[in-house]
Amino acid sequence: MQQILAEPKWVKKLSDEDRRGLIALFWSNVNPYGTFGLDMDKRLDLGPAAAVPRPRTPADAADRSSTETR
């Protein structure tokens, strides 16, 4: 379709408004984010549970402040 519309006889016939109306035809099938399949029957391999950081405690904040003042 783009090749046909690039022919000189069509270039002369189409106005700017006509071309703007056709843009949706060219881009309506494009997904800029890609497609992601979701299989709810499979589990994600997130690795060992030790890789998840633990919540901070007040003692962690005290340890950090004493090392920062050195």
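The values are calculated or read from the model by the stated rules, or taken from the named source; none is laboratory data. On a predicted model such as this, the values are computed, not experimentally measured, just so you know. Surface accessibility is based on the protein's heavy atoms, side chains included, excluding ligands, DNA and RNA. Shrake-Rupley method; radii C 1.70, N 1.55, O 1.52, S 1.80 Å.
List of remarks:
- Probing with 1.4 Å while keeping every protein chain in the model, the per residue accessible area of segment 1-48 equals 106 Å².
- Sequentially through segment 4-20, phi angles give Karplus couplings (6.51, -1.76, 1.60; θ = phi - 60°) of 5, 5, 7, 5, x, 5, 7, 4, 6, 7, 8, 8, 4, 5, 4, 5, 4 Hz, Gly and Pro residues having no value and appearing as x.
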